[in-house]
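Student: Take a look at the following structure, please.
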Amino acid sequence: MNVQIPALLILVPFTAAPLCVLFRHAVASWVIAFCANFFSFFAACVVLSHVRSEGVIRYKVGGWMAPAGIEYYIDTLNAAVLVLVSGISLIVLVYSYHTTKKEVSLSKHHLFYAAWLMCLTGLMGIAITGDAFNVFVFLEVSSLATYMLISFGKDRRALTATFRYLIMGSVGASFILIGIGFLYAATGTLNMIDLAERIPDSESQRAVLVAFSFICIGVMIKAAIFPLHAWLPNAYTYAPTAVTAFLSGTATKVSLYVLLRFFFSIFGFEFSFGQMLLTGVLLPAAIVGFLLMSLVAVFQTDLRRMLAYSSVAQLGYIVAGIALASQAGLTAGIVHIVNHALVKSALFMSVGCIIYQIGHAHRPSFDNLFKRMPFTCIAFIISGFGLIGVPLTVGFISKFALIEASLEQNYWWLAVLILVSSLMALVYVARVAEVMLFRKSRQETPESSGMSEAPMSMLVPMYLLIAIGLYFGINGSATLSLAGEAASQLLSGFTMELSQQ
Amino acid sequence: MFVAATIALLITMALTLWRALVGPTQFDRLLAVNSFGTKTVLLIAVYGFLTGRPDFLDIALVYALINFLGTIAVLKFFEQDDLGSGQYQEDDY
Amino acid sequence: MEATVANVLLTFLAVTAVGIIMLRDLLAAVILLGAYSLIAAGAFVVMDAVDVAFTEAAVGSGISTILFLGALSFTRHDQKPRPNHSWMALFLAVAAGGLLIYGTLDMPYYGSATSAAQTNPGLAVRFLEESGSEVGPPNIVTSVLASYRGYDTLGETMVVFAAGIAVLSILGLKRRRPGENAPLDAPGDKTTTLVVNSSADDGSIASPNEMKRYPRQRHRVLQVVTKLVIPFVLMFGLYVQFHGDYGPGGGFQAGVIFASGFILYGLIFGLQKTRAIMPPSALRILMCLGLLLYCGTGLLTMVLGGNLLDYNVLAHDALHGQHWGIFTVELGVGITVTGVMISLFYNFASKRSL
Amino acid sequence: MIDLLILLVSWALMIVGCVFVVSGAVALVRMPDLYTRLHGASLTDTGGTLVIGLALIIQALFVFDNSMAAVKMGLILLFTLFTSPTASHALAKTALLCGQVPLDAKGNPLLDGPEQASLLARSRPADYRHGQDKERIAQQIQALDNRGGDES
């Protein structure tokens, strides 16, 4: 592998964003975005295989040694997140070609794709870096781009949703910044590895504690973890369909990655889960989150809002896995990050197809949809199975791993609650499926009669994603071993990597 | 000498700030803030000499410029309720 | 003495902040925010953070006032009174504030020479002792900003760019069709709507909220003085841009100052005339070019065999390479910031005149 | 001898400047209405800056031996000398235009009402060029009169 690939991975989409704006041409900007994204995906795959075969990559940006300069620190977890983000972005980008044409005015396409690239760059920049402040910088890039992407929504309520997200997101970002500032005051460094070494010896343990709380809350807002999720449903409901599919698979997942990195690698397992008693805070929040949000999702009639609440619920599973704070729990959490990203993006893509043809995603009007859009409906139902956790889908793998992890610690009640929440998922998916498949349309409205299947350029990427999901559902060991590797690296902190170097 | 000037300037700034906070009209506030800006320029200049490093004058220069810009912008907003209109502009040229 | 000045300024800051919170009138709050930024910048100078003070003065006091005013021109000026107080919000704010105070309790004292941040051999000590021989510029802030942490600055430039694009996509510059005249320059349209504040019995107070538009006025004095001043502003912007290695300043500040020259022109002579001088399409190109210059420097360093943004490879001599690298990168930042700031002004100011 | 002279001159200038500045602030606080405050503040702003700036220039040249600082201070002075009175002028003009009526010492308005203040701001030798403006102002005054009659 060329040593420059990690840097190019970021720099190529970074450069492509201003190019899109410069050319100001709708199709050209899509092509630029696609090429840049394809390159990033390819590079991320190369990086992942390299990391798995030869261990951690450390790349000195600017040629400066780590604590003075900024470095990339890529282990299995980062690399997996990079592949996930760039892959989902690539697939959704292909899918977005048609929906964007319909939803965004032609004169703004170049801005749309520039924002998309900036969002992608920001998310990958967060994932790849080994510097705490750099995380904040790229968080800002991705957040600004995300606000912009959501505001492109056709519905005017997209603007209020954006505004709400903007306020919440800014609070989150400033909390993270405050936390990093306190960390710097306490340790005098910003490099993650350096931080991990210096935090236990710092004379200002109170400052470290405050830094921990602020970073934790800030990242949880960004990740939309249960009590701090208020921005998410509206943002997902009113954003352009492709954007929802993109964000649901990437943005919150990257925030979760940041959470993992700070919990385990920087503050260390003992600090986060011993001294801070995180299990006592995170686990209840996660449980209330997945139960309550699944329940709320059952009563939604707008499909995207339903899926948004279900996203918050699914994030609850991931957090529960993290909060178990064991190798098995962490593995389950990481697997579910990947699996949920695959499933939820596919679901939002299928809903996007429906919106593309009908113009909205209001469940009661899906009468007899199966006859008109069979492929879309099948895609929705298969992905819905994944959400519920039916065997042979990815959802099964991660839920099984999670239940195993909770039983390992004798938390049988947690296993039961997970099953209960899965039943609720079954209810809300089944309600949609029932309307799609079985309910006869009461009357043939003129606008719905001439309706047909969504275009191929939307169906193919959607089915590609579903196929990937099914592959990982059947061959569960692939993701599990990857996640296990990442989890053990996380639990051992940076020390293991340092001895390797 | 510089100490005396610094103290005088700080007192002045306190009084000016009081006017800015109390009002009563927006023009009073604007006047006070404008005057406050000038005092800040002076304070920074004097402070530079006080600490024996008169290299900060660049900043004082920026303040002088920005203070003018801000005041004009607010005035234009008072008059036009808008920043970009050409109302300040002559109809000839 | 220095500590006293800092404390007095910080007290001013707190008083102003409380004042701003208490005000219901958003316009007054914007005016006071200008003062707030000035005080903050003064405090930064006193605390020796000269570059931060520079930025705070240029951005906080100048540009953000204009952006606030631009935003206000789209909306109402007074805050809606809230009947019920949200105790939950108060509790959260107090909790967060309490936590912050708790965290500062065992932080090192202000200016402490033995604090962790001062004594870290890998970071602060190294910057202070070796940046001169490794990077070159006498201004260490510039070395850290553009070289040691040049990648962060790349990200920040992208943030500025993203902000510009975001405002462009939401407010949108409408392109005027050829032949379509600016409606406002025609005499006699809405310009004679003089609204008299009838509530002012004493005849003295007409709050600007209730003031509407007046017959168009010539501010001849303003026009003349502005024309005199603007060249110096632009010159000063260039000075800040290219003097950043030696004194406070750099691309961000220079970009803002340069843009404020154009903004001043726009305020006095109207958006239409400014657009004739600096068309929006040129701004779009400027924004992109600056960022591309930065990225291009990064690509070039990689092509020449170094790591991303490793300027040592740009010339035969490492110090020269650093010099060139910092120069181009700062130029890129300056160009992007100029473009974005002017573009923001255009977007926010174009409520009526477009 | 020269040193003493320099010291004396800069001290004197500095003290005069401080007196200016503080009296301006007192005026800003104590004066009864906007225009009197404006008068006090704007004059002392410019004057105080000028005098203190001169003192600083002398200091920079002869005590600190830093001619660059003197030049920069000179630029600041020049800049303030232009912008500060301009800003005050614009402030006063806009305030009049917006209908701020000046008060006398007892707090009684000096003009009939906001319209007159606004008119006052617009009244000026109108016919210095082509005589167009005279007509327009007459028109505008007419319009104002009509409007005022409607509203009262």
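Student: Show me the ranking of peptides B:50-58, A:329-337 by mean Cβ neighbours inside 10 Å, starting with the highest.
Tutor: By packing density, highest mean first, the sequence is A:329-337, B:50-58.
Student: Give the Cα extents of the stretch A:74-233 along the principal axes, in whole Å, largest first.
Tutor: 58, 32, 25
Student: How big is the dipole moment of the protein assembly as shown about its Cα centre under a simple scheme where the beta carbon of each Lys and Arg is +1, that of each Asp and Glu is -1, and everything else is neutral? Debye, nearest 20, please.
Tutor: Computed about the Cα centre, the dipole is about 3140 debye.
Student: Starting from the amide H of A:ASP302, placed 1.01 Å from N in the peptide plane, find each other amide H under 5 Å away whose residue is 5 or more places distant or on another chain.
Tutor: Long-range HN contacts for A:ASP302: A:ARG363.
Student: Another question, if that's okay. Give me A:PHE269, C:PHE236 sorted ascending by neighbouring Cβ count inside 10 Å, so fewest comes first.
Tutor: Numbers: A:PHE269 17, C:PHE236 23.
By the 10 Å Cβ count, ascending: A:PHE269, C:PHE236.
Student: Can you tell which of C:TYR148, C:VAL125, A:ALA242 lies farthest toward the positive end of the dipole of the protein assembly as shown, using +1 and -1 charges on the Cβ of basic and acidic side chains (Lys, Arg; Asp, Glu)?
Tutor: Positive-end residue among those listed: A:ALA242.
Student: May I ask you to order A:402-412, C:94-104 by the average number of other C-beta atoms within 10 Å around their residues, highest value first? Don't jump to the answer; show the numbers that get you there.
Tutor: Values: A:402-412: 17.0, C:94-104: 13.9.
For the peptides A:402-412, C:94-104, the packing ranking is A:402-412, C:94-104.
Student: At q = 0.13, 0.16 Å⁻¹, what is the log10 ratio I(q)/I(0) for the stretch A:277-501, with the Debye formula run over Cα points and no solvent?
Tutor: -0.75, -1.03
Student: Another question, if that's okay. Excluding A:LEU247 itself, what net charge comes from residues whose Cβ is under 14 Å from its Cβ, given Lys and Arg +1 and Asp and Glu -1?
Tutor: Counting the neighbours of A:LEU247, the net charge comes to +4.
Student: Another one. What distance in nm lies between label points placed 7 Å from Cα along the C-beta direction at D:ASP112 and A:LEU159?
Tutor: 4.4 nm
Student: Give the relative contact order (percent, whole number) for chain A; include only Cα pairs under 8 Å separated by 6+ residues.
Tutor: Computed value for chain A: 15 percent relative contact order.
Student: Assuming R0 = 41 Å, can you tell me the calculated FRET efficiency for the pair C:SER86 and A:VAL460, based on Cβ-Cβ distance, to the nearest 0.05?
Tutor: Rounded to the nearest 0.05, the efficiency is 0.25.
Student: Please compute, for peptide C:302-309, the average count of beta-carbon atoms on other protein chains lying within 10 Å of each residue's beta-carbon.
Tutor: Numbers: counts 6, 1, 0, 1, 4, 13, 13, 8.
The shielding value for this peptide is 6.
Student: Further question on the same structure: Once label points are set 7 Å from the Cα along Cα→Cβ at both C:TYR246 and C:ALA71, what is their separation, rounded to one decimal in nm?
Tutor: So the label points at C:TYR246 and C:ALA71 sit 3.9 nm apart.
Student: Here's a follow-up. For chain A, what are the per-bin percents of Cα-Cα distances with bins 20 Å wide, up to the bin holding the maximum?
Tutor: Answer for chain A: a P(r) of 25, 59, 15, 1 percent.
Student: When you look at the Cβ of every residue in A:13-22, what mean number of other chain Cβ atoms sits within 10 Å?
Tutor: 6
Student: Over the alpha carbons of the stretch C:127-168, what is the largest minus smallest coordinate on each principal axis, giving the biggest first in Å?
Tutor: Here the spans come out as 43, 14, 11 Å, largest first.
Student: Next up: Can you give the average number of partner chain beta-carbon atoms within 10 Å of each beta-carbon in peptide C:96-104, as a whole number?
Tutor: The mean count of partner-chain Cβ atoms within 10 Å per residue comes to 5.
Student: Would you be so kind as to identify which of C:VAL135, C:VAL8, A:PHE112 lies farthest towards the positive end of the dipole of the protein assembly as shown, taking Lys and Arg as +1 and Asp and Glu as -1 on Cβ and the Cα centre as origin?
Tutor: Of the listed residues, the answer is A:PHE112.
Student: Of all the Cα-Cα pairs you can form in the stretch B:2-83, what percent are over 14 Å apart?
Tutor: Within the stretch B:2-83, distances greater than 14 Å cover 66 percent of Cα pairs.
Student: As a check on your grasp of the helix formula, calculate [θ] at 222 nm for the protein assembly as shown: sum -39500 (n - 2.57) over DSSP H runs of n ≥ 4, divide by the residue count, round to the nearest 500.
Tutor: Computed mean residue ellipticity for the protein assembly as shown: -24500 deg cm²/dmol.
Student: With 10 Å bins from zero, work out the P(r) of the stretch A:292-377 over every alpha carbon pair and list the percent per bin.
Tutor: Binned Cα distances yield the sequence 17, 38, 28, 13, 4.
Student: How would the stretch A:110-199 be classified by its alpha-carbon gyration tensor: rounded, prolate or oblate, with rounded meaning a/c under 1.5 and the a/b versus b/c comparison settling the rest?
Tutor: oblate
Student: At 7 Å along the Cα-to-beta-carbon direction for both A:PHE42 and C:THR104, put a label point, then send me their distance in nm to one decimal.
Tutor: So the label points at A:PHE42 and C:THR104 sit 5.3 nm apart.
Student: Does the stretch D:2-86 come out rounded, prolate or oblate, given a ≥ b ≥ c as the square roots of the eigenvalues of its C-alpha gyration tensor, rounded meaning a/c under 1.5 and, failing that, prolate meaning a/b above b/c?
Tutor: Taking the square roots of the gyration eigenvalues as a ≥ b ≥ c, the stretch D:2-86 is oblate.
Student: Then there is this: Using the Cα centre as the reference, give the magnitude of the dipole from point charges on the C-beta atoms of chain A (Lys, Arg: +1; Asp, Glu: -1; all else neutral), rounded to the nearest 20 debye.
Tutor: So the dipole magnitude of chain A works out to roughly 1580 debye.
Student: Could I ask something else about it? Counting only C-alpha contacts under 8 Å and six or more residues apart, can you give the relative contact order of the stretch D:15-93 as a whole percent?
Tutor: 30 percent
Student: Let me ask something additional. Compute the distribution of all C-alpha to C-alpha distances in the stretch C:1-81, in bins of 10 Å from 0, and list the percent of pairs in each, rounded to whole numbers.
Tutor: 20, 43, 27, 9, 1
Student: If you average the alpha carbon positions of the stretch C:245-298 and of the stretch A:163-186, how far apart do those two centres end up, in angstrom?
Tutor: Cα centroid of the stretch C:245-298 versus Cα centroid of the stretch A:163-186: 29 Å apart.
Student: By average Cβ neighbour count within 10 Å, what is the ranking of A:239-250, A:452-463, D:5-16, A:190-201 from highest down?
Tutor: With the highest mean Cβ count within 10 Å placed first, the list reads A:239-250, A:190-201, A:452-463, D:5-16.
Student: Let me ask something else. Need one word for the protein assembly as shown: rounded, prolate or oblate. Basis is the Cα gyration tensor (sqrt eigenvalues a ≥ b ≥ c); a/c below 1.5 gives rounded, then a/b vs b/c decides.
Tutor: Prolate is the answer for the protein assembly as shown, as a/c is 1.5 or above and a/b outweighs b/c.
Student: Quick one: putting +1 on the C-beta of Lys and Arg, -1 on the C-beta of Asp and Glu, what dipole do you get for the stretch B:2-83 around its Cα centre, in Debye to the nearest 20?
Tutor: Approximately 280 debye in magnitude.
Student: Within chain A, which complete DSSP H helices have Cα atoms spanning at least 20 Å along the helix axis and a mean Kyte-Doolittle hydropathy of 1.6 or higher? Intermediate values should be presented prior to the final figure.
Tutor: Numbers: long enough: A:5-23 (26 Å, 2.34); A:26-54 (41 Å, 1.39); A:76-103 (39 Å, 0.97); A:109-128 (28 Å, 1.43); A:132-151 (29 Å, 1.55); A:157-187 (44 Å, 1.28); A:205-223 (26 Å, 1.69); A:241-260 (29 Å, 1.30); A:278-298 (30 Å, 2.40); A:303-324 (32 Å, 1.10); A:327-358 (46 Å, 1.23); A:374-388 (21 Å, 2.04); A:394-408 (21 Å, 1.14); A:412-437 (36 Å, 1.95); A:456-474 (26 Å, 1.97); A:476-491 (22 Å, 0.72).
In chain A, the long hydrophobic H runs are A:5-23, A:205-223, A:278-298, A:374-388, A:412-437, A:456-474.
Every number here is computed from the coordinates shown, using simple stated rules; none is lab data. Computed from a prediction, not measured in an experiment: that's the story for all the values here. All Cβ positions, even for glycine, are placed from backbone atoms using ideal geometry, and neighbour counts span all protein chains on display.
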